[in-house]
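For reference, the structure discussed in these notes is given below.
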């Protein structure tokens with residue numbers, strides 16, 4: 001089978017052996033895989049190991065074969081891949097043994113994948129293959145940040161620095177479906193306009209004076225994945241006693257902030273990563289109820305996946321990037 005791999009520090013397309021389903025596993029013929037920012041950082045984390053690693057965390061396809069003792073899916077079923085490995089029930093933090101698909105396990109940017117049957121969910125009928133293939137990682141991350149950790153309520157206001165990320169496009173739609181107000185930022189006028197069309201109530205320039213722009217707003221929840229560049233600016237606009245959820249750091253990991261101002265403000269800070277299978281089932285039911293669709297900004301063929309990586313690296317996309325097999 002054809003796959004996109006990292007091998008000896010180099011990214012390239014390679015012919016790999018067809019996977020075989022072991023006990024409890026299935027083989028899925030993938031129709032579409034999704035590209036995530038996580039994939040950009042794997043070469044630095046994985047290094048120059050000789051064994052080829054197939055990249056990719058998101059995917060959707062058709063069950064081709066089932067191993068022994070698999071009862072939840074059958075050959076021919078249309079499924080999505082849950083990239084949150086070995087995290088069954090909702091909990092304050094992932095359990096021991098949790099990993100994200102695509103490192104160290106082989107990922108989804110390939111024609112086929114062998115994976116535990118417990119990592120599969122039924123593909124929602126109303127979604128196209130492209131939409132289903134980019135869904136799980138970003139949608140689950142956004143749902144847990146907004147609902148489980150952020151506990152957003154109707155008529156509250158959520159503030160999201162960075163409007164164009166895949167996770168942000170889900171959070172905008174989830175929050176609006178829950179009756180919340182959504183404010184986003186972007187340096188790009190085009191992305192601000194797209195966020196407004198998606199449902200955001202207000203979109204401001206990232207380079208503007210946030211305190212001035214939001215002086216008449218009450219920010220109940222901030223969901224930040226940018227890191228150092230926006231962390232303190234986000235705290236400055238958060239209401240006293242408000243919540244801040246962080247799940248990423250696209251700028252720098254390390255930040256400094258005024259601890260005295262933080263505890264006097266009685267702020268609540270939460271870290272979040274991915275989510276459990278229980279939460280994934282909840283969000284799929286929620287999306288189907290409200291007919292929420294992933295935003296697919298670009299679709300590439302497997303042979304053109306390097307172009308997709310280049311696009312993601314310069315952060316020009318709005319929504320998700322799909323890789324069609």
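On a 0 to 90 degree scale, rounded to 10, what angle separates helix 277-290 from the longest Cα axis of the chain?
70 degrees
What is the packing order of peptides 278-286, 63-71, taking the mean over residues of other C-beta atoms within 10 Å and listing the highest first? Mind showing how you got there, number by number?
On the way: 278-286: 18.0, 63-71: 14.9.
Top of the packing list down: 278-286, 63-71.
Starting from the Cα gyration tensor of region 177-253, take the square roots of the eigenvalues, sort them a ≥ b ≥ c, and report rounded, prolate or oblate (rounded when a/c is under 1.5, otherwise prolate if a/b is larger than b/c, else oblate). Can you show the working numbers first?
Numbers: a/c = 1.36, a/b = 1.12, b/c = 1.21.
Taking the square roots of the gyration eigenvalues as a ≥ b ≥ c, region 177-253 is rounded.
Could you rank the peptides 153-159, 109-115, 136-142 by their average count of other C-beta atoms within 10 Å per residue, with the highest value first?
Working: 153-159: 17.6, 109-115: 23.9, 136-142: 28.3.
In decreasing order of mean packing, 153-159, 109-115, 136-142 become 136-142, 109-115, 153-159.
Based on a Kirkwood Rh over C-alpha pairs, give the Stokes-Einstein translational diffusion coefficient of region 54-145 at 20 °C and viscosity 1.002 mPa s in µm²/s. It would help to have the intermediate numbers written out before the result.
Values: Rh = 13.8 Å.
Calculated translational D: 155 µm²/s.
Any idea what Rg and Dmax come out to for region 155-208 if you just take the C-alpha atoms, in Å?
So, for region 155-208, Rg and Dmax equal 9.8, 29 Å respectively.
If you project the alpha carbons of the chain onto their three principal axes, what span does each projection cover, largest first, in Å?
58, 38, 37
Find how many whole Å separate the alpha carbon centroid of region 1-65 from the alpha carbon centroid of region 262-293.
A separation of 27 Å, based on Cα centres.
Just check region 256-325 against the gyration tensor rule for me: Cα atoms, a ≥ b ≥ c as the square roots of the eigenvalues, rounded for a/c under 1.5, and otherwise prolate or oblate depending on whether a/b exceeds b/c.
On the way: a/c = 3.07, a/b = 1.52, b/c = 2.01.
Taking the square roots of the gyration eigenvalues as a ≥ b ≥ c, region 256-325 is oblate.
Semi-axes, largest first, in whole Å: what does sqrt of 5 times each Cα gyration tensor eigenvalue give for region 217-259? Walk me through the intermediate numbers first.
Values: eigenvalues 64, 25, 13 Å².
For region 217-259, the ellipsoid semi-axes come out as 18, 11, 8 Å.
Run the quick spin-label model on residue 315 and residue 11: label points 7 Å from Cα toward the beta carbon, then report their separation in nm to one decimal.
1.7 nm
Could you quote the convex hull projected area for region 225-290, Cα atoms only and averaged over all directions, in nm²?
Working: hull surface 23.4 nm².
Result: 5.9 nm².
For residue 71 and residue 128, what is the calculated FRET efficiency with R₀ set at 30 Å and r taken between the beta-carbons, to the nearest 0.05? Kindly include the intermediate steps, with their values, before the conclusion.
Numbers: r = 28 Å, r/R0 = 0.94.
Calculated value: 0.60.
Jot down the radius of gyration and Dmax of region 94-201, Cα atoms only, both in angstrom.
16.1, 44
Tell me whether region 140-271 comes out rounded, prolate or oblate; compute the Cα gyration tensor, take square roots of the eigenvalues as a ≥ b ≥ c, and use a/c under 1.5 as the rounded threshold. Could the numbers behind the result be given before it?
Values: a/c = 1.38, a/b = 1.24, b/c = 1.11.
It comes out rounded by the Cα gyration axes.
Only the coordinates and a few stated rules stand behind these numbers; no lab work does. Treat the numbers as computed from the prediction; the structure is a model and nothing was measured. When we count neighbours, we look across all protein chains shown, and the Cβ atoms used for this are built from the backbone with ideal geometry, even at glycine.
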